[in-house]
Amino acid sequence: MSDYKTVQEVKALDVNIAARFRCILILRRKTTKTAKTGNPFLSVELGDSSGSFTANCFDGTDIYKVIDAVPEGSILRLAGITEYWQERFSPKLQAAEFIEAKEAEAEGMMANLIETPPESEDELWGHILEGVAAIEHPQLKDTVQRVLDELGPRFRKCPAAVSMHHAYYNGLLEHSTHMLRSARALLPLYPQVDADLAIAGIILHDMGKLEEYEGEFAAKVSRIGTLQGHVVIGFRIARKAAIQSKLNADLTERLEHIILSHQGEKAWGAAAMAATPEAVFVSMVDNLDAKMGMVQRVLRNTAKGEEFSDYLMGLQTRVLVTPPDKS
């Protein structure tokens with residue numbers, strides 16, 4: 001039996017001892033920083049399907065040389081010792097080695113590396129198709145269907161973010177599906193919101209992320225993602241499909257506005273503030289699912305026995321992960 005541990009298994013080790021561990025993990029993120037001494041060091045995020053942790057690699061060490069030389073998304077064989085700093089898991093890495101995917105497969109660890117949603121890809125995709133079928137306006141339905149016909153396979157695989165929410169394989173599909181389910185439950189409460197536009201806007205709102213992100217095992221922002229961003233890219237995707245579907249000018253403008261404003265605030269990347277009933281509705285549903293997606297993920301991935309999750313930048317807090325005492 002392999003002695004490699006998952007992230008969750010490492011975090012579950014006795015916190016009162018410095019326990020040795022071995023892992024095969026993906027280098028999700030690395031950032032070069034400067035210590036008080038003026039020397040550089042790497043802050044790295046390493047993870048698998050069960051979670052992630054951050055660690056520091058200092059200049060002049062063999063680990064620094066290995067990790068500095070490989071790109072984000074690389075698979076690493078690691079050894080280390082568990083340590084905690086200010087009650088936060090912060091292990092000391094002792095060895096690192098780059099390995100190919102086939103070697104991780106041979107070690108029986110490849111299936112543990114890729115984080116995916118609890119629901120299957122096919123199940124999530126089925127809900128998207130139900131959403132398309134629910135759109136009654138023929139040209140609006142055709143606009144959405146054209147985008148899915150062209151980009152559907154990529155849409156099904158893409159993460160929804162680099163790190164904030166649904167940042168894993170099939171994450172964008174899960175996020176869009178959960179938004180769609182929430183919207184269809186809430187729409188009867190808000191008859192002023194046009195259901196066809198809201199559903200179309202939800203399915204298309206993040207399509208620009210298919211070009212904004214790249215990378216097989218860890219998402220990073222592409223050149224066009226840096227220069228334009230997914231809001232502008234998504235606007236162009238929707239406009240092209242609307243023109244091809246002969247969608248009228250008013251509905252085209254309203255659909256485009258949903259995409260341009262769905263981020264909610266200009267400081268968060270919105271090109272405009274939501275100014276139609278449908279745009280306000282979609283931006284609120286988007287924000288709800290983004291935040292609840294973070295909660296769902298930490299509830300899945302926080303090690304057993306822990307009371308709180310790690311700090312979540314998107315929520316600006318740690319999450320209490322123990323269930324309510326209803327005795």
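The values are calculated or read from the model by the stated rules, or taken from the named source; none is laboratory data. Worth saying up front: this structure is predicted, and the values here are computed from it rather than measured. Backbone-built Cβ (ideal geometry, glycine too); neighbour counts: all protein chains shown.
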Is it the case, given these coordinates, that Thr32 is over 24 Å from Phe308 (Cβ atoms), of a type outside the set (Asp, Glu) and in contact with a Pro (Cβ under 9 Å, 6 or more places away or on another chain)?
yes
Of all residues in region 295-327, which are more than 19 Å from Ala161 (Cβ to Cβ) and part of a helix (DSSP H, G or I)?
none
Verdict on Thr54 being free of Cβ contacts under 8 Å to residues at least 12 places away in the same chain, of a type outside the set (Phe, Trp, Tyr) and either buried (at least 19 other Cβ atoms within 10 Å of the Cβ) or touching a strand residue (DSSP E or B) at 6+ places or on another chain (Cβ under 9 Å) (or both):
no
So which residues in region 102-125 are aliphatic (A, V, I, L, M) and modelled with pLDDT of 95 or more, if there are any at all?
Leu124
Check on Leu312, crowded, with 17+ Cβ neighbours inside 10 Å and free of Cβ contacts under 8 Å to residues at least 24 places away in the same chain:
yes
Neighbours by Cβ (under 7 Å, 6+ apart or cross-chain): first from region 153-182, free of Cβ contacts under 8 Å to residues at least 40 places away in the same chain; second of a type outside the set (Lys, Arg) and assigned to a helix (DSSP H, G or I)
Arg156/Glu121; Arg156/Trp125; Arg156/Leu173; Leu172/Phe155
Would you check if Ile128 is in contact with a Ser or Thr (Cβ under 7 Å, 6 or more places away or on another chain), at pLDDT 95 or above and crowded, with 19+ Cβ neighbours inside 10 Å?
yes
